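Report on one structure; see the data block that follows.
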Amino acid sequence: MSKMKISVHEHKKQESDRETARVWFCRHKDDDGIDEFAVFVDDYHNGYFGVYAHIGQHSEADPDYIAESKPVRKPKTTDLYKELTNVVGYDLIVCDTCVAEDIMGITLNVSDAMRMREKPEDYDLNIDNYQG
């Protein structure tokens with residue numbers, strides 16, 4: 001059973017009113033299939049992180065559910081990235097796994113080999129220039 005809670009919010013922005021958000025793109029595979037979603041790493045309330053997925057759109061996810069997820073390779077090329085930037089209207093700062101862990105304060109269940117596949121040019125922020 002998925003630990004993602006669906007709570008849809010109206011979140012459309014006009015071009016002049018774009019919100020900047022730091023996100024980590026990931027996939028979670030279970031018996032129900034594969035969920036691809038963006039975690040808003042600075043959006044933590046009542047024990048859940050804010051997330052966005054095609055189905056359900058703005059929702060919340062349990063940190064354990066997120067920790068079991070795997071990073072999306074080349075997140076800026078995904079339909080989800082395009083939806084968040086072009087339709088919803090975010091200016092996104094895409095975090096790599098190490099930065100996402102540092103900001104969220106959780107350890108993601110990602111192998112060292114998977115971390116090594118992440119290419120710095122696919123992300124906007126690395127731990128060396130993070131200014132909390």
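Within the stretch 47-70, if we keep just the residues that are of a type in the set (A, V, I, L, M, F, W, C) and under 12 Å from the mean Cα position of the chain (by Cα), the residue that is nearest to LEU108 (Cα to Cα) turns out to be ALA67.
Restricting attention to the stretch 1-37, the residues being among the basic types (Lys, Arg), modelled with pLDDT under 90 and either closer than 15 Å to PRO75 by Cβ or loosely packed, with under 11 Cβ neighbours inside 10 Å (or both) number 1. Does VAL51 satisfy being touching a helix residue (DSSP H, G or I) at 6+ places or on another chain (Cβ under 6 Å), in a strand (DSSP E or B) and of a type outside the set (Lys, Arg)? So VAL51 fails the test.
Being surrounded by fewer than 20 Cβ atoms within 10 Å (Cβ to Cβ) and aromatic (Phe, Trp, Tyr) holds for only one residue in TYR44, TYR123, and it is TYR44. For the stretch 49-66, the set of residues classified as loosely packed, with under 15 Cβ neighbours inside 10 Å and in contact (Cβ under 8 Å) with a residue 24 or more places away in the chain consists of HIS54, ASP64, listed by residue number. Looking only at residues in the stretch 79-116 that are surrounded by 13 or more Cβ atoms within 10 Å (Cβ to Cβ) and at pLDDT below 85, which one is nearest to THR20 (Cα to Cα)? Residue satisfying both the conditions and the ranking: ARG115. Looking at the stretch 105-118 only, could you name the residues that are part of a loop (DSSP other than H, G, I, E, B) and of a type in the set (A, V, I, L, M)? Answer for the stretch 105-118, where residues must be part of a loop (DSSP other than H, G, I, E, B) and of a type in the set (A, V, I, L, M): ILE106, LEU108, VAL110. Total residues in the stretch 74-104 satisfying the condition of being among the hydroxyl-bearing types (Ser, Thr, Tyr) and in a helix (DSSP H, G or I): the figure is 4.
The values are calculated or read from the model by the stated rules, or taken from the named source; none is laboratory data. Given the structure is predicted, the values throughout are model-derived calculations rather than measurements. Glycine gets a Cβ as well: all are built from the backbone with ideal geometry, and neighbour counts include every protein chain shown.
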